[in-house]
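Working notes for the structure below.
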Amino acid sequence: MKRLLLWSAVGLAGTAAHAQSSVTVFGVMDLGVQRSASGGVSLTSLSNGGLSTSRLGFRGQEDLGGRLAAGFWLEGSLNPDTGTGRASNTNNQASGAGIAGLLTFDRMSYVSLSSSDWGEVRLGRDFIPTHYNSIYFDPFNANGVARAGNLTFAGTGTGPLPTTIAGSNTVSYWLPRSLGGFYGMAMAGMGENTQPAPNEHDGNFAGARIGFASGPFDVAAAVTRTSALTTATMGKYTHANVGGSWDLGFAKLFVLYNAVTVKLAAGAVHKNTAEIGAHIPVGGVGRIRLSYARLDDCSDDILRNADRSAQSGNDARQFGLGYVHTLSKRTALYGTYARLTNKGLGRYVVSGAPAALIPGRRSSGLEFGVRHLF
């Protein structure tokens with residue numbers, strides 16, 4: 001990854017110390033061709049982020065002395081197939097949804113103060129605690145046609161869930177890295193609504209993540225809870241997950257379990273997704289990626305499909321197979337296939353596929369692409 005480094009020594013009156021700072025410009029361009037089908041409809045498209053999310057970012061750090069540092073991070077998602085950016089959200093609610101097409105720092109936008117001994121405090125927009133598990137313990141890194149994220153929040157209601165990936169107006173604390181393999185963070189975000197009001201708590205959320213990593217082994221658990229006024233299509237929602245990975249040398253194994261609850265006016269939606277997978281190295285320049293995901297709908301019995309059958313019967317199973325071939329440290333080619341089977345009146349589809357016209361049908365997708373880091 002190419003870096004632009006700016007080093008400076010700054011003399012301050014009354015002190016003999018000097019500060020060292022750096023600024024890095026970085027990014028990813030990832031595009032492919034995808035063919036997908038689901039429930040009576042198909043689509044051929046130029047896909048984006050099949051291996052890694054396309055992005056543009058800036059990050060910097062200044063050494064303040066005394067094992068203290070100040071820093072910032074700005075990172076925005078890109079749609080290189082159309083030359084646009086992705087929308088952000090200003091208040092963790094539907095009312096704060098931004099305009100798609102503009103370049104925003106929707107992934108990360110924060111300033112931080114850190115200590116090697118005491119940890120780090122961040123202020124701004126950042127990934128929520130549970131999303132870090134989705135990135136690290138999904139064999140497809142929460143990207144592409146075979147990612148399990150298409151199941152985690154699918155069918156939880158017809159309203160938007162703005163804090164499934166990142167949250168705005170957040171304050172977070174990160175443990176120091178000197179705890180013998182233990183790591184963790186806690187975060188709180190604000191919807192910034194006036195008070196008193198019926199929706200004064202909407203968009204407020206809190207979460208935490210704790211884990212342990214040692215050598216080839218890594219395991220973590222996380223939870224995030226978001227407040228929302230209860231309606232027929234929306235309500236308070238909780239996302240909890242636990243995951244792990246174990247690098248055996250000949251293969252790296254992954255496991256991830258997600259549990260999502262959304263409390264609607266008519267009853268609670270419960271979606272539980274379990275995923276296992278592996279990376280298998282091939283010849284030093286490639287790796288095979290495998291995953292199997294199972295979604296079980298455990299929603300309240302009062303919630304029904306259009307034919308009055310129980311919504312809890314809308315389950316799904318998904319299989320993913322991919323290969324990544326590394327051309328250099330910065331460039332890789334990849335191919336991925338995913339196949340999803342619905343049960344009941346499920347309308348789940350593989351990531352990037354069009355919405356199903358007919359419930360209960362299979363969905364599949366195939367993509368080939370190239371990723372370049374800079």
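What the table below lists for this structure:
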read-out: Choice from Gly203, Gly284, Gly167 with maximal GNM fluctuation in the chain (Cα, 10 Å cutoff); value: Gly284
read-out: Mean accessible surface per residue for segment 142-283, computed with a 1.4 Å probe while every protein chain stays in place, in Å²; value: 45
read-out: Computed magnitude of the charge dipole of the chain (debye, nearest 20; Cβ of K, R +1, Cβ of D, E -1); value: 860
read-out: Estimated 222 nm signal from helices in the chain, with DSSP H stretches of n ≥ 4 weighted -39500 (n - 2.57), rounded to 500; value: -1000 deg cm²/dmol
read-out: At most 15 other Cβ within 10 Å, DSSP loop - trypsin sites (Lys or Arg not before Pro), segment 267-348; value: Arg308, Lys329, Arg330, Lys343
read-out: Rh (Kirkwood; distinct C-alpha pairs) - segment 229-352, Å; value: 16.8
read-out: Long-range tail of P(r) for segment 298-374 (Cα pairs > 13 Å, %); value: 71
read-out: Kirkwood-Stokes translational diffusion coefficient of segment 284-341, alpha-carbon pairs, 10 °C, 1.306 mPa s, µm²/s; value: 111
read-out: Solvent-accessible surface ranking, highest first, for Leu373, Leu151 at 1.4 angstrom; value: Leu373, Leu151
read-out: C-alpha center-to-center spacing [segment 304-335, segment 103-132] in angstrom; value: 29
read-out: Cα-projected label distance for Val33 with Leu46, points at 7 Å along beta-carbon direction, nm; value: 1.2
read-out: Long-range Cα-Cα pairs in the chain (distance over 30 Å), rounded percent; value: 43
read-out: Arg225 versus Phe182: modelled label distance in nm, points set 7 Å from Cα along the beta carbon direction; value: 2.3
read-out: Projected-area mean, segment 79-183, by convex hull of Cα positions, square nanometres; value: 8.4
read-out: Chymotrypsin sites (Phe, Trp or Tyr not before Pro) restricted to DSSP loop in segment 20-85 with at most 16 other C-beta within 10 Å; value: none
read-out: Protein accessible area in the chain, 1.4 Å probe - carbon and sulfur %; value: 62
read-out: Top positive-direction residue, dipole computed over the chain with Cβ charges, set Ser112, Ala70, Ser22; value: Ser22
read-out: Loop sites in segment 101-187: trypsin sites (Lys or Arg not before Pro), DSSP, at most 13 other Cβ within 10 Å; value: Arg177
read-out: Cα gyration tensor shape of segment 267-306, rounded if a/c is under 1.5, else prolate or oblate by comparing a/b with b/c; value: prolate
read-out: Spacing of the two label points (7 Å from each Cα toward its C-beta) at Thr24 and Ala100, in nm; value: 3.1
read-out: Residues listed by number, segment 333-360, amide nitrogen under 19 Å from Leu321 label point at 7 Å toward C-beta; value: 334-342, 350-351
read-out: Lys pairs under 19 Å by Cα in the chain, provided they are eight or more residues apart or on distinct chains; value: 5
read-out: Taking segment 315-374 and dividing mean pair separation by its residue count, relative contact order in percent (alpha carbons under 8 Å, at least six apart); value: 35
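The values are calculated or read from the model by the stated rules, or taken from the named source; none is laboratory data. If you're wondering where the values come from, they're calculated on a predicted model, not measured in any experiment. Don't worry about glycine lacking a Cβ; one is built from the backbone with ideal geometry, like all the others, and counts go over all protein chains shown. Ligands, DNA and RNA are stripped out before the accessible areas are found, and what is left, the full protein with its side chains, is counted by its heavy atoms. Shrake-Rupley method; radii C 1.70, N 1.55, O 1.52, S 1.80 Å.
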